[in-house]
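Chemist: Before I ask anything, here is the structure I am working with.
The values are calculated or read from the model by the stated rules, or taken from the named source; none is laboratory data. On a predicted model such as this, the values are computed, not experimentally measured, just so you know. Cβ atoms come from the backbone with ideal geometry, glycine included; neighbour counts cover every protein chain shown.
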Amino acid sequence: MSKRIVNSLYEQALQEAKKKRPDDEKVFSLLTKSLESGEIKAAYALGTWYLHGKHVKRNIRRAVQLLKQAAQENIPDALYDLAVCYEKGVGTRKNEKKAFECYLRASLYGDVQSIYEVGRCYYYGVGVSKDKYISKIWFDRAKVLGITE
């Protein structure tokens, strides 16, 4: 399938989802077809649906699988959500080192909340050695961007 059609399926799903009364089944179908056609943003969208049980039956393992797929392509929101899953052991084995790595990657790819989380990881030694000096640098950057916790 051509890239234009892939984007079209994903964009159609977004347009439907933004309606005052969206047809959730249609959105799900469009996202699924878009993912099957290679649109990685659809993996993130579906992953959040499964993670939170929004519009579909909650399926944490499927959510993590989709988030990992999107994280491989450096989707910042997917990296952040996957980091939370690793840190808390939701749908996957708890792994603070992987959580830290995901927060760090997410921050480098533009997720602002992850900047704070990297600082928190350094401050408390979550998946990385404690370093209050480096944590302050990350916290200061987060504060400049309007994130305080």
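Chemist: Pull out all pairs, ordered by first then second residue, where Cβ-Cβ is under 7 Å, the residues are six or more apart or on different chains, the first lies in region 12-33 and is part of a helix (DSSP H, G or I), and the second is small (Gly, Ala, Ser).
Modeler: Ala13/Ser34; Val27/Ala13; Val27/Ala17; Leu30/Ala13; Leu31/Ala13; Leu31/Ala42; Leu31/Ala45
Chemist: Then there's this: Go over the candidates Gly127, Gly53 one by one and state the one that is small (Gly, Ala, Ser) and at pLDDT below 95.
Modeler: Gly53
Chemist: Filter region 112-134 for residues that are under 20 Å from Leu79 (Cα atoms), out of contact with any Ser or Thr (no Cβ under 8 Å at 6 or more places or on another chain) and of a type in the set (S, T, N, Q) and give the result.
Modeler: Gln113
Chemist: Can you tell me which residue among Val64, Val56, Val27 is more than 12 Å from the chain's Cα centre (by Cα), surrounded by 17 or more Cβ atoms within 10 Å (Cβ to Cβ) and of a type in the set (Val, Ile, Thr)?
Modeler: When all the criteria are applied, what remains is Val27.
Chemist: Now for a separate question. Looking at Lys136, Lys98, Lys94, Lys132 in this structure, which one is buried (at least 16 other Cβ atoms within 10 Å of the Cβ) and among the charged types (D, E, K, R)? Show your work before the answer.
Modeler: Numbers: Lys136 fails: buried (at least 16 other Cβ atoms within 10 Å of the Cβ); Lys94 fails: buried (at least 16 other Cβ atoms within 10 Å of the Cβ); Lys132 fails: buried (at least 16 other Cβ atoms within 10 Å of the Cβ).
Answer to the selection: Lys98.
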